[in-house]
1. Could you tell me which of the pairs A:Lys73/B:Lys18; A:Lys73/B:Lys81; A:Lys73/B:Lys145 are separated by over 24 angstrom between their Cα atoms in the structure shown?
2. Looking at the stretch B:33-88, which trypsin sites (Lys or Arg not before Pro) are in a loop (DSSP not H, G, I, E or B) and have at most 16 other Cβ atoms within 10 Å?
3. Cα-Cα over 18 Å: which of B:Lys118/B:Lys162; A:Lys188/A:Lys212; B:Lys124/B:Lys170?
Amino acid sequence: MMTRNQTEREEIEALLPWHAAGTLSRRDAQRVETALEEDRDLARQFDLVREELGETIHLNETLGAPSARAMEKLFAGIEAEPKRRQRRSFDLAAFIGERLTLFSPRTLAWSATAAVLAIVLQGGLLAGLYLGEPGSESPAAFRTASAPTRSFAPAGSYALIGFTAQASAADVTKFLEAHKAAIVDGPKPGGLYRIRIAQAALPKSDLAAIVKQMQDDTKIVRFVAATE
Amino acid sequence: MQATSDEALIGRIATGDKVAMQVLFARHHVRVYRFVLRLVRDQTKAEDLISEVFLDVWRQAGKFEARSAVSTWLLAIARYKALSALRRRPDEELDDEAAAAIEDPGDDPEVALEKKDKGEILRKCLTALSPEHREIIDLVYYHEKSVEEVAEIVGIPENTVKTRMFYARKRLSELLKAAGVDRGWP
């Protein structure tokens, strides 16, 4: 009995195999169910579809399974593959660029701060290498920025100093020699270094005078202040 | 306890996790093997092909975008490999196989009817279908693939999937009729 127009019936008929397999969307399944209730010929054909489905499953299930050879061959192939994490020539720019794309702006801001500090730290190490301490036998006595500070700063007169960006290593060396000073610690936050101005504890007025002289050398010094 | 999803396994395989590869293989290799075997009709060849399919998964896992189910992806790779293998075989061989599947003197219509084993005849006729028709019937009935998934695996439009399935069933009915089983359709 034909209760629907031919086009719609053909559409439903085409969906019967998927309805039998249970892979239709809920909406299509409902359409098919409704049509099956109303169309006896369609329902009879659905029985044929279910028959085909059952025998197709039966046929496939009798095909057996592959031997262990398939898995052995697969894993032999995997073993023969190049290792996943191979060492490649390291492209620093690509490495940084790749990771920067993964970070949030906030993370990038923190990273930039850390990078600046790292550069300042390098500067400090270089300054230490170049300058050393007056009176020491080695002109380039090495200090790590993280090394304990007090052990290198016995009694004496000290100041915190920041150098200008344009000051070269030679300028800084000349400046420190002129003032008989030596870097004993740093860099600290803000790119400041602790320098020893005298081996002895100078009177405050004398120390202030030396600091004032240093402040006047604005090409080399951007900041200087007495400290303990 | 919930089993690791196929997608999670693929993610681990992409990092070189061989145990994840074993789990995925154990989960899917039989069905993939049967799908390939139905196409190439050669057990040794089918075993070789499934090794190649899963080796491709090992290599390509990092590129899997999860736009389709992992099983659909596996069948698509398997199909490509099976068809490539078939293209390397002479056409006559395929025709002979199809003919042999139908022309079985022990299963002429009368004898078959005497056996009254309609299911057996139906399975014989399913085997005698062309690779194109076998494939779509297996994908829909055995591998439980939706219209959209079959379209993705076979690489044809969804309407063509429905049409091809219809003609595969029609051909099956014709083979059944030739074998003495008239289903009254089409």
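1. A:Lys73/B:Lys145
2. B:Arg67, B:Arg88
3. As for pairs spanning more than 18 Å Cα to Cα, those are B:Lys118/B:Lys162; A:Lys188/A:Lys212.
Rule-based calculations on the coordinates, nothing more; no lab input. These numbers were taken from a predicted model, which means no experiment stands behind them. Ideal geometry is used to build each Cβ from the backbone, glycine not excepted, and the neighbour counts take in all protein chains shown.
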